[in-house]
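Everything on this sheet refers to the single structure shown next.
The values are calculated or read from the model by the stated rules, or taken from the named source; none is laboratory data. In this text the structure is predicted, and so the values were computed from the model without any measurement. As a convention, Cβ positions derive from the backbone with ideal geometry for all residues, glycine included, and neighbour counts pool all protein chains shown. In case anyone asks, the SASA skips ligands and DNA or RNA and just uses the protein heavy atoms, side chains included. Shrake-Rupley method; radii C 1.70, N 1.55, O 1.52, S 1.80 Å.
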Amino acid sequence: MQLTLTSYNIHSGIGSDGKFDLRRTAEVLRETNADLIALQEVGDYRGRTSLEAHPDDLAQLLGFHMAYGPNVVRNGRRYGNAILSRMPIVKSRNYDLSVHRRREPRGALRCDIDVHEGRLLHLFCLHLGLRLGERRKQEALLLTADILRDAARNDPVIVCGDFNHWWNAPVPSLGRNAIRDVAHVLHQGERTYPARWPIFRLDRVFIDQGIRPIALFAHRSAKSTVASDHLPLVMRFETVHQAQPAARHPAQIVA
């Protein structure tokens, strides 16, 4: 079946014009016509906005199912990743990817989504650190710990989000393993940051053999260029459920 995924760093709903407007964020997401939405920088622990229930508000505005993985909680305010889905979310879990106490806490949110009559898709939404050494440790956690290898072996897997990888080349450690960068599969290296004049490919989508990508593009519109400092990254794809689980080396198991 064909589906559409949008990965979007919403910058707490604060646009490049300095205005906080979750309704504008929701309108941009509607423009992408997504079935699955992976969001980063959801919420506001710094107290820059007047609202605290950002993920719940977005889910209500769009009429989607929602799971939230807060990585920072301060004074009752939360901040982290969220996944919204037209289809039921069967299970969700948030994984801690923090590697240094002095750095911003990071995480990966996993949702098991019933895409069709009990068939699951495992969607991971993450936001990696700003420093190279920090990201390398987080990538190692993704590949070697139970974070990505404890899901069903025969269900498709998508890993997406803001990788903070400032070069347009592949992420070295991830590119050598069982998940593939869709931009390189389709030869469509879409740049998403900064939103007004995108020159960096910070936002990426990785897939395993259970996903057949059809198209990948940055969503550009009058609203998307001001609603956040990132553009939404959109992938159209088909799921390929296998009858039997494929054997993989333990270090390469993604789900």
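Descriptive notes on the structure:
- Filter result for the condition that a residue is modelled with pLDDT under 95, surrounded by 14 or more Cβ atoms within 10 Å (Cβ to Cβ), part of a strand (DSSP E or B) and hydrophobic (A, V, I, L, M, F, W, C), over Phe206, Phe217: Phe206
- If the condition is being farther than 27 Å from Met1 by Cα, touching a residue at least 60 places away in the same chain (Cβ under 8 Å) and in contact with a Leu (Cβ under 7 Å, 6 or more places away or on another chain), then segment 194-224 contributes Ala195, Ser224.
- Taking the listed residues Gly69, Gly76, Gly43, the one that is on the phi > 0 side of the Ramachandran plot and touching a Gly at 6+ places or on another chain (Cβ under 7 Å) is Gly43, with no other qualifying.
- None of Ile147, Ile179, Ile199 is at pLDDT 75 or above and touching a Phe, Trp or Tyr at 6+ places or on another chain (Cβ under 6 Å) except Ile179.
- Selected residue (criterion: most open to solvent (accessible area, probe 1.4 Å)) from residues of segment 110-129 that are aliphatic (A, V, I, L, M) and part of a strand (DSSP E or B): Leu120
- Residues of segment 88-100 that are of a type outside the set (Val, Ile, Thr), open to solvent by 20 Å² or more (accessible area, probe 1.4 Å) and closer than 21 Å to Gln40 by Cβ: Lys91, Ser92, Arg93, Asn94, Asp96, Ser98, His100.
- Scope segment 1-28; condition more than 23 Å from Trp197 (Cβ to Cβ), part of a strand (DSSP E or B) and open to solvent by 50 Å² or more (accessible area, probe 1.4 Å); matching residues: Gln2
- Restricting segment 29-80 to residues that are under 16 Å from the mean Cα position of the chain (by Cα) and among the β-branched types (Val, Ile, Thr), the residue that is surrounded by the fewest Cβ atoms within 10 Å (Cβ to Cβ): Thr32
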